[in-house]
Amino acid sequence: MIKKDGTYVVMGLLNTDSIAYATGKKIEELGGNVIYTVQSERMKKVFFDRGCPDLPKETKDAMTIKYCDVTSEDEVRNLFNDIGDIDGLVHSIAFANPKTCLGNQMHTSSFEDVKLGFHISCVSLSTVAQYAQEHMPNGGSIVTISFASQLAFPFYNWMGVNKAALEALVRALARELGREHVRVNAISAGPLATKAAKSIPHFAHLAQTWKRISPLPWDAVNDKGEVAKSVIFLLGDYSTKITGQTLYVDGGASVVGGELLKHEKPLKTMPMKKKEARERLKRMQARQNK
Ligand SMILES: NC(=O)c1ccc[n+]([C@@H]2O[C@H](COP(=O)([O-])OP(=O)(O)OC[C@H]3O[C@@H](n4cnc5c(N)ncnc54)[C@H](O)[C@@H]3O)[C@@H](O)[C@H]2O)c1
């Protein structure tokens, strides 16, 4: 799946809760080398001082972390010039000022904030893709992370617009970079408890919503690794003819109309208890038919 000893750039590390961290860890488990990026030199210090309290010293020492603010074309260019050839790239980056871009109204009072959010959350994928592809002589794969852009969620406001634009950009870049044998795709993940997510007002409500609409059990705290596995799929050689797509890794919430009925909700236990569960369902249906 992941190229053994291949080099993968994973952008968007903040702390060990970041989707970037879960993804990098998975790449390393599968034999790839990871170069993480944080936003600034200061954020690298923040990661080591406060962002990874549970990591043993050897693990920290073994991590390669560079910094790159994706709004600076110079920093993006320098990053890829420093790194050399790579096999894949993960863009796990977004920002929106919660006060002006994520409120209970679609504010337009701070257009500068709206523009900055668009630059970081969408346009930056194009900047990094342009420079990254020059360092993919054997082709490669670029994956970004989106969220449910087909629906309007409360408070997600301008970030929802940015995610819709990001998915459109994925298609445009897939068209452009296919000639270089570079694939570009997005994962649309369900809600996960990270720093970025916590800045969304009423994020807890969103996570609760998933419990009501996701046919598969969804755990906002522990499912980052599951999302990371799908990023690996799109990075690796089991998806070589897939490009320009948004793959939903959201427990199935995106295809469900309305809330799940009581008998449709995911079982709390694993299928070992299937027989028991089937009998429980039969009893419930029998009661409903009375
Ligand atoms: N957490 C969720 O519920 C969820 C769901 C779907 C999609 N996503 C997306 O996943 C991606 C990763 O977010 P996360 O949830 O892991 O949160 P996170 O806060 O851990 O990661 C966001 C990263 O973006 C970086 N960033 C912001 N501005 C930057 C800039 N100018 N230059 C470089 N980096 C910058 C931050 O430093 C941080 O590392 C985001 O695109 C987010 O929208 C998150």
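Readers should treat all values here as calculations from the given coordinates under stated rules, not as data from a laboratory. Just so you know, these numbers come straight off a predicted model, no measurement behind them. In this analysis, Cβ positions are derived from the backbone assuming ideal geometry, glycine residues included, and neighbour counts consider all displayed protein chains.
Look at the Cα gyration tensor of the stretch 7-258: its axes a ≥ b ≥ c give a/c under 1.5, and that counts as rounded.
Please list, by residue number, everything in the stretch 211-248 whose backbone N is under 19 Å from a paramagnetic label point 7 Å out along Cα→Cβ of ASP85. Only 236-237 pass the distance filter. For GLU167, GLU73, the sequence from fewest to most other C-beta atoms within 10 Å is GLU73, GLU167.
The amide H of ASP250, built 1.01 Å from its N in the peptide plane, has GLY190 as neighbours under 5 Å, considering only residues 5 or more places off or on other chains. Residues whose amide H falls under 5 Å from that of VAL184, counting only those 5 or more places apart or on a different chain, are ILE142, GLY244, with hydrogens built in the peptide plane.
Annotation: lysines with alpha-carbon distance below 21 angstrom to LYS25 (same-chain offsets under eight excluded): LYS3, LYS4, LYS44, LYS45, LYS57, LYS60, LYS66, LYS195, LYS224, LYS229. For the stretch 1-40, a/c is not less than 1.5, where a ≥ b ≥ c are the root eigenvalues of the C-alpha gyration tensor, and a/b does not top b/c. That puts it in the oblate class. Taking other C-beta atoms within 10 Å as the exposure proxy, MET270, MET1, MET284 rank MET270, MET284, MET1 from fewest upward. Tell me whether the stretch 180-290 comes out rounded, prolate or oblate; compute the Cα gyration tensor, take square roots of the eigenvalues as a ≥ b ≥ c, and use a/c under 1.5 as the rounded threshold. Here the stretch 180-290 falls in the prolate category.
Charge tally for GLU259 (other residues, Cβ to Cβ under 13 Å; Lys, Arg +1; Asp, Glu -1): +3.
Note on LYS290: aspartates and glutamates with a C-alpha under 20 Å away, same-chain residues under 8 apart excluded, are GLU264, GLU279.
Only helical runs count toward this figure. For the chain, summing -39,500 (n - 2.57) over DSSP H runs of n ≥ 4 and dividing by all residues gives -12000 deg cm²/dmol at 222 nm. Panel order for ASP237, ASP54, ASP250, ASP85, by other beta carbons found within 10 Å of each beta carbon, from fewest to most: ASP54, ASP237, ASP85, ASP250.
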